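Novice: Below is one structure. I have some questions about it.
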Amino acid sequence: MSVTAIRYDRLVGRWEPNARGRLVQAAMELYLERGFEQTTVAEIASRAGLTERTFFRYFVDKREVLFWGAASLQELLVTSVTDAPIGASPIGAVAGAIEVAGDFFQERHEFSRLRQSIIAANPDLQERELIKLSSLAAAMADALRQRGVVDQAARLAAESGIAVLRIVFDDWIDEASPRNFSDLVREAFAKLKEVTAG
């Protein structure tokens, strides 16, 4: 085999399918081994067998490896609020949306647990997570306003929904044998109804 052919084979290898998944796996391994701050994009790309240029095709920076699913989650929540039955209350529409999102989390338990341990160890990542959660609440509130819900009610319902999501998520990732995420969401909204009754 000629040198040219070897180089070609190596380049082809860099463009294997599932580059995003390989980058995420490599980043998670390195963040857990070395810490988030000590890990570079070059190291992530190298561990994944890809180039830095490929990394930046998928992620703006190394933080986004931990947050890249946020856009899909937001789209799912907004669509679910928008498509809620006409007679649904604002909190009912939000509760239904977060329950639907249960499958999004259920398939990612181990990843979510490891991801959260990385975020918990880094104040900048904690701040980024709060910003992402705030964006989710704002998007759901906007979807409620589009349904004719007044602004304050829309914001209260959306922010309450995000509070439930955070509490359920924290409980769920601590479970060695995780229960169904959607079931936990239903239980938490029932508890919220109890504590706000009367």
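The values are calculated or read from the model by the stated rules, or taken from the named source; none is laboratory data. The shown structure was predicted, so the numbers you read here are calculated from the model rather than taken from an experiment. No Cβ is skipped: glycine too gets one built from the backbone with ideal geometry, and neighbour counts run over all protein chains shown.
Novice: Would you mind finding the one in Ala45, Ala93 that is at pLDDT 95 or above, in the same structural domain as Ile173 (by TED's automatic domain parsing) and on the phi < 0 side of the Ramachandran plot? Break it down into steps so the answer makes sense when it comes.
Specialist: Details: Ala45 fails: in the same structural domain as Ile173 (by TED's automatic domain parsing).
Result of the check over Ala45, Ala93: Ala93.
Novice: Every residue in the range 36-61 that is of a type in the set (Val, Ile, Thr) and not in a helix (DSSP H, G or I), please.
Specialist: Within the range 36-61, the subset of a type in the set (Val, Ile, Thr) is 39-41, 44, 51, 54, 60.
Within the range 36-61, Thr39, Thr40, Thr51, Val60 meet the criteria.
Novice: Being in contact (Cβ under 8 Å) with a residue 60 or more places away in the chain and among the aliphatic types (A, V, I, L, M) narrows it down to one residue among Val65, Val100, Val60, Val41; which is it? Lay out the reasoning, then the answer.
Specialist: Details: Val65 fails: in contact (Cβ under 8 Å) with a residue 60 or more places away in the chain; Val60 fails: in contact (Cβ under 8 Å) with a residue 60 or more places away in the chain; Val41 fails: in contact (Cβ under 8 Å) with a residue 60 or more places away in the chain.
Among Val65, Val100, Val60, Val41, only Val100 is in contact (Cβ under 8 Å) with a residue 60 or more places away in the chain and among the aliphatic types (A, V, I, L, M).
Novice: Right, something else. I'd like the residue in the range 56-101 that is crowded, with 19+ Cβ neighbours inside 10 Å and small (Gly, Ala, Ser) and, out of all such residues, is farthest from Leu136 (Cα to Cα).
Specialist: Across the range 56-101, the extreme among qualifying residues is Ala84.
Novice: Within the range 135-152, can one find any residue that is farther than 19 Å from Gly92 by Cα, modelled with pLDDT under 95 and polar (S, T, N, Q)? Break it down into steps so the answer makes sense when it comes.
Specialist: Kept after step one, since they are farther than 19 Å from Gly92 by Cα, are these residues of the range 135-152: 135.
Narrowing further to those that are modelled with pLDDT under 95: none.
Within the range 135-152, none of the residues are farther than 19 Å from Gly92 by Cα, modelled with pLDDT under 95 and polar (S, T, N, Q).
Novice: Given the options Leu30, Leu50, Leu73, Leu77, name the one that is in the same structural domain as Ala139 (by TED's automatic domain parsing) and modelled with pLDDT of 95 or more. Break it down into steps so the answer makes sense when it comes.
Specialist: Numbers: Leu30 fails: in the same structural domain as Ala139 (by TED's automatic domain parsing); Leu50 fails: in the same structural domain as Ala139 (by TED's automatic domain parsing); Leu73 fails: modelled with pLDDT of 95 or more.
The unique qualifying residue is Leu77.
Novice: Right, next: Does Lys132 satisfy the criteria of being within 17 Å of the chain's Cα centre (by Cα) and assigned by TED's automatic domain parsing to the domain that holds Gly92? Full working, then the answer.
Specialist: Working: within 17 Å of the chain's Cα centre (by Cα): yes; assigned by TED's automatic domain parsing to the domain that holds Gly92: yes.
So Lys132 fits the description; yes.
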